[in-house]
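What follows is a short report on a single structure.
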Amino acid sequence: MDWNASRACGCCQAGRVLYRKLADLFMRHDQHGYFAYDSELRPIVPDVSGNAVRQSAAGDLFTYSDAFFVKGLIAGAARYEDKALDIYLPRLGEVVLAIEDGRFAGDEQRPFEYGRDPQRTLEFGPWMILLGATGLLRRLGLNEQAAFGQRFVERVLEVNWDGRRSDATGLVRDQPGKETANPGHAIEFAGFGHEYLRPVSDEKTMTELRRVLLASFERGFNGTGIALSVSPEDGRPL
C-alpha cells in the first residue's frame with residue numbers, strides 16, 4: 001500500500017466526519033455558530049463567577065463564530081460536493097450584512113446585547129476576518145458572492161487606516177480614534193485584500209495595502225514576534 005495515498009485517504013475521511021458534525025451543529029442552532037458549548041452541545045457563556053450558563057439564541061446577531069463556521073462550511077461543501085453549499089452561501093451574505101449594519105457582536109463571552117449599534121461597524125476585526133472568505137470564493141468561481149471584498153477593503157482603508165494622513169504611522173486602528181492597533185490583524189487584512197484584488201486592476205488600493213503591510217510589520221515586530229497591540233501614533237508596543 002502506498003503510505004502517502006493511505007494517509008491522504010485517512011485525512012479525507014477525518015475531514016468528512018468533522019465537516020458533517022460541524023454542519024449538523026450549525027443547523028441545530030438555526031444556522032449559527034457559538035464560541036463555546038457544554039457537553040450536550042448547548043451554547044454557553046461564563047457568568048460573573050466564572051460558571052457556565054446558557055447563552056441566549058443569537059437571533060439576528062452574528063459573531064466571529066458565525067464567520068468562521070460559514071467560511072469553513074463553504075470550503076467543506078465545495079470539497080465534498082455537498083448541495084448544502086446553496087444554504088451556506090446566502091448565510092455568508094447575512095453575515096456580511098450584519099457587519100455592515102451594526103448587528104455583529106464581537107464579544108461572545110457574555111450574554112448577547114441585541115439590536116443594531118453603529119459603534120459595532122467601527123470595529124476593524126469583523127471586516128478583516130470575513131474578507132478572508134473572498135479568496136476562497138474566487139477560487140471556487142463564485143466571483144459575484146465575493147464582490148463584497150471591494151467594499152470591505154475600501155471601508156477599512158477609509159475608516160480605520162491612518163495612512164491617508166501625511167503624519168500617520170500607517171497602522172490600522174482597532175476603532176477610529178481608539179489608541180490601539182493590532183498589527184497582526186492588519187497583516188492578515190493586507191494579505192486577504194491582496195488575494196482578493198490580485199485579479200483586478202486596482203493599483204492605488206494595492207499600493208495602500210502594501211503600505212499597511214510594511215507599516216504593520218515594521219511597527220509591530222518586537223524582538224520575538226508581532227506585538228498584539230501597539231500605539232497607532234508611534235508604534236510603541238502596549
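The values are calculated or read from the model by the stated rules, or taken from the named source; none is laboratory data. As the structure is a prediction and not an experimental result, all values here were calculated from the model. For the accessible areas, the whole protein counts, side chains as well, though only heavy atoms, and no ligand, DNA or RNA atoms are used. Shrake-Rupley method; radii C 1.70, N 1.55, O 1.52, S 1.80 Å.
Please list, in order along segment 213-225, the HN-Hα scalar couplings obtained from phi with the Karplus expression 6.51 cos²θ - 1.76 cosθ + 1.60 (θ = phi - 60°), rounded to whole Hz, x for Gly and Pro.
4, 5, 5, 5, 6, 5, 7, x, 6, 9, x, 9, x
Taking all protein chains together and a probe of 1.4 Å, list 178, 71 from the most accessible to the least accessible.
On the way: 178 90, 71 35 Å².
Descending order: 178, 71.
Quick one: length gained pulling residue 86 to residue 24 fully straight, 0.36 nm per residue minus the C-alpha distance? Present the calculation step by step, with values, prior to reporting the outcome.
On the way: separation 62, 0.36 × 62 = 22.32 nm, distance 1.53 nm.
Stretched out fully, the residue 86 to residue 24 stretch lengthens by 20.8 nm.
If you count only protein heavy atoms and use a 1.4 Å probe, how large is the accessible surface of residue 39, to the nearest 10 Å²?
120 Å²
Can you tell me the convex hull volume per residue for the chain, based on C-alpha atoms, in Å³ to the nearest whole number?
Values: hull volume 41.3 nm³, N = 238.
Spread over its residues, the Cα hull of the chain gives 174 Å³ apiece.
What is the helix-to-structure angle for 183-197, meaning the angle in degrees between its Cα long axis and the longest Cα principal axis of the chain, kept from 0 to 90 and rounded to the nearest 10?
The angle comes out at about 80 degrees.
Could you give me the radius of gyration and the Dmax of segment 23-126, taking only the C-alpha atoms into account and expressing both in angstrom?
When restricted to the Cα atoms of segment 23-126, Rg and Dmax are 14.1, 45 Å.
What number, rounded to the nearest 500 deg cm²/dmol, is the helix-based mean residue ellipticity at 222 nm of the chain, given -39500 (n - 2.57) per DSSP H run of at least four residues and division by all its residues? Don't jump to the answer; show the numbers that get you there.
On the way: 7 runs with 119 residues, N = 238.
For the chain, the value works out to -17000 deg cm²/dmol.
Ignoring ligands, DNA and RNA, how do 37, 88 rank by accessible area with a 1.4 Å probe, largest first?
Values: 37 55, 88 5 Å².
So, going from the largest accessible area down, we get 37, 88.
Would you mind calculating the gained length between residue 110 and residue 53 on full extension (0.36 nm times residue separation, minus the Cα-Cα distance), in nm to one decimal? All intermediate terms of the calculation are to be shown ahead of the outcome.
Working: separation 57, 0.36 × 57 = 20.52 nm, distance 0.97 nm.
Between residue 110 and residue 53, full extension yields 19.5 nm more.
Excluding ligands and nucleic acids, what accessible area in Å² is computed for residue 27 using a 1.4 Å probe, to the nearest 10?
80 Å²
Keeping every protein chain present and rolling a 1.4 Å probe, give me the accessible area per residue for the chain in Å².
Details: 12660 Å² over 238 residues.
For the chain, the solvent-accessible area averages 53 Å² per residue.
Amide H of residue 231 versus every other amide H placed in the peptide plane: which residues, excluding those fewer than 5 positions away on the same chain, fall under 5 Å?
Those qualifying (amide H under 5 Å, at least 5 residues apart or on another chain) are 236, 238.
What's the angle, to the nearest 10 degrees (0 to 90), between helix 64-79's Cα axis and the longest principal axis of the chain?
The angle comes out near 60 degrees.
Could you tell me which of rounded, prolate or oblate describes segment 184-224, using a ≥ b ≥ c as the square roots of the eigenvalues of the alpha-carbon gyration tensor, with rounded for a/c under 1.5 and, failing that, prolate when a/b is larger than b/c and oblate otherwise? Could you put the intermediate results ahead of the total?
Numbers: a/c = 4.11, a/b = 2.21, b/c = 1.86.
In terms of gyration-tensor shape, prolate.
What three numbers, in Å, describe the spread of the alpha carbons of segment 18-66 along their principal axes, ordered from the longest?
Principal-axis extents of the Cα atoms in segment 18-66, largest first: 34, 25, 15 Å.
Starting from 0.36 nm per residue, how many nanometres of slack lie between residue 36 and residue 234 once their C-alpha separation is accounted for? Walk me through the intermediate numbers first.
Numbers: separation 198, 0.36 × 198 = 71.28 nm, distance 3.67 nm.
Going from the current span to full extension adds 67.6 nm.
Using a 1.4 Å probe on the protein heavy atoms only, what accessible surface does residue 196 show? Give it in Å² to the nearest 10.
Around 10 Å² of this residue is reachable by solvent.
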